[in-house]
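Take a look at the structure set out below.
Read-outs throughout are calculated quantities, based only on the coordinates presented, and are distinct from any laboratory measurement. Not measured: the values here are computed from a predicted model. Reconstructed Cβ throughout: ideal geometry from the backbone, glycine too, with neighbour counts over all protein chains shown.
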Amino acid sequence: MPVAPVTQTPPPTSIHTGTTTDPSARKQTLDGEVFLRLLVTQLTNQDPSSPMDTNAMISQTTELAMMEQITALTNTSSEAFALNMRQAATAIIGHEVSYKGPDGATITGIATKVSFDGPIPLVTVGGKSVSLDALTAITSTTPTADAPAA
């Protein structure tokens with residue numbers, strides 16, 4: 001039986017880590033892991049005649065716990081802000097809104113649709129998608145009690 005020749009494959013042109021995690025989130029996770037590894041290494045290699053100060057160890061452990069809680073709080077705040085933006089964008093549908101056009105002129109129209117595809121909701125005004133944070137005014141289109149009926 002003949003043996004097939006070995007072919008050389010080209011080296012990879014880019015590195016794929018297999019993850020889509022935000023680099024800042026990876027770094028925060030890595031920091032906690034690195035801290036624990038360093039603490040274990042420090043305890044493993046300490047001089048038995050001069051052990052690590054327990055106050056320093058408790059302080060380091062407390063700092064790690066605080067860092068993890070601050071990270072969790074930041075994530076929760078970001079999620080709450082995103083939810084608030086979505087609720088605000090949804091409430092705009094059917095209202096008259098204004099925004100600055102590319103030439104600086106104010107464009108006004110009725111908000112007919114909201115898209116949540118990106119990090120900032122997009123409001124459709126007159127067939128054009130406008131970022132929620134680009135809106136300069138929102139006006140109610142329903143008559144108020146003070147307005148005379150037509």
### Query
How do 63-73, 106-116, 45-55 rank on mean C-beta neighbours within 10 Å, highest first?
106-116, 63-73, 45-55
### Message
Please list log₁₀ I(q)/I(0) at q = 0.24 Å⁻¹ for segment 92-139, using the Debye equation with identical point scatterers on the alpha-carbon positions.
### Response
-0.80
### Task
Could you tell me the largest-minus-smallest coordinate of the C-alpha atoms of segment 33-150 on each of the three principal axes, in descending order and whole angstroms?
92, 34, 22
### Message
If I take R0 = 41 Å and measure r between the Cβ atoms of Ile138 and Thr62 in this structure, what FRET efficiency does the formula 1/(1 + (r/R0)^6) give, to the nearest 0.05?
### Response
0.30
